[in-house]
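What follows is a single structure, written as C-alpha cells, with notes after it.
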Amino acid sequence: MLQQTRRRNGDRLLYALDGELSQRSSAGRRRPADRAQGVGRTRLLCARARNAHAAAQQLVAEHGGQLPADRRQLLRLPGIGEYTVGAILSMAFNQPEPILDGNVKRVLARLCDIGDPVDAPATLRELWRLARLLVETAPPDAAGACNEALMELGATVCTPQSPRCLLCPLVDLCLAAARGTQADRPVMPPRKTTPHYDVAAGVIWQGEPFASPLLIAQRPHKGLLGGLWEFPGGKQEATDVDLPACLRREIMEELGIAIEVGRAGDGGASRLHPLSNYAARVSHQTCRRRTAGARLR
C-alpha cells in the first residue's frame, strides 16, 4: 500500500483491510481484492491485494508461513520485485540490500549531480549501484536504518520542490548543492500529454428499472483494474455517432446482448475519472435488455 500512496493514506487503508490476510489458515478462502475494491476513493490497486493473497498462500505452502531471508526465494513470490526485496531483507533481516524509490532516487541524483534523465535505463543502473554501495558500507546491522534514513531524508529534507539544503546532514557532500543545480535534479523525463477518452457504461436492467435484476460484469483478471466488477461498456470510437451508439456496440461485442438505451439524462450521470495514464469521462446510461435468453443473475 505504501508503494502506491502516502503513509497517512496507507494507515487508513490498512485498517480498512484489517483481517483480510491476517489469518494464514484462511488464506485460501478469503478474497482480499473484493475488499480492496470497496475501500472507496483510494489509489490502492486490487492487483496488489491479489498478489499479497497469492504470496500468502505460497508462503504457507512452501515456507511454513514464514518469509524467507533469501533474495531468490523472495523474488519467486507474486508481486515482489527488487524494491520490495530490498525493503524486506534490509529492514526485517538486516541484510545489506539496497532500496530505490522516488525519494532515494532524488537524494542520490542530487548527491552525485546526475544530469541524465532519472528513469533512463543507464541512470537507473547507476542509481542502484550507488544505493548498494551505501548500504554495503553502512555499519554492521545498520542496513535497514540506512535505507530508512535515505527515504526519510528524501521525504522530509531533500524534497522535490524547495529542498531544505541548510538542514541537510549531507549538504557538504552534495555536488548539486555545491554547483547550485539542486532545483534541476533529478532530471525528469518530459511529461506526456494525458489522453482523454469518452466512455459509456450501461446500467442495464432485466426489465423495469429498480424492479428487476441489474447486470454487472467482471473485467479480465489480466490488465488494467483486472478482476474488478463494473457496469459494462467501453470507449467511444470514431465510428460511433454518439455515446448511446457506442454503448449498444460495446454491449453487443462484449456480452452479445441487445439493449435499449434511455433518453439523455434519463437516470444517467457523467463523471471525469483521472487515472494513472489517461483520463476518462464516463457517462452512465440507464438501459433495458432486449435480447431474450438466459436471465440476468
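Coordinate-derived values only; no laboratory data. Note that this is a predicted model, so its numbers are computed, not measured. All Cβ positions, even for glycine, are placed from backbone atoms using ideal geometry, and neighbour counts span all protein chains on display.
Directionally averaged projected area (segment 43-161, Cα convex hull): 8.5 nm². As a proxy for reagent exposure, ranking Asp240, Asp184 by other Cβ atoms within 10 Å from fewest up yields Asp184, Asp240. In this label model, Glu230 and Asp141 are separated by 5.2 nm, measuring between points 7 Å along each Cα→Cβ vector. So for segment 77-227, averaging the separation of alpha carbon pairs under 8 Å that are six or more residues apart and normalising by length, what relative contact order in percent results? Relative contact order for segment 77-227 comes out at 24 percent. The Cα-based radius of gyration and maximum Cα-Cα distance (Dmax) for segment 80-120 are 12.0, 34 Å. Here's the list of aspartates and glutamates a cross-link from Lys105 could span, going by alpha-carbon distance under 19 Å and ignoring same-chain residues fewer than 8 apart: Glu82, Glu97, Asp113, Asp116, Asp119, Glu126, Glu136, Glu148, Glu152, Asp172, Asp184. Based on Cα atoms of segment 196-289, Rg over Rh with Rh as the Kirkwood radius reads 0.95. Maximal additional length on extending the Gln73-Met252 stretch stands at 59.9 nm, based on 0.36 nm per residue less the C-alpha distance. Taking other Cβ atoms within 10 Å as a rough exposure proxy, Arg132, Arg179 sort from fewest to most as Arg179, Arg132. Here segment 97-191 has an Rg and Dmax of 12.6, 41 Å, counting Cα atoms alone.
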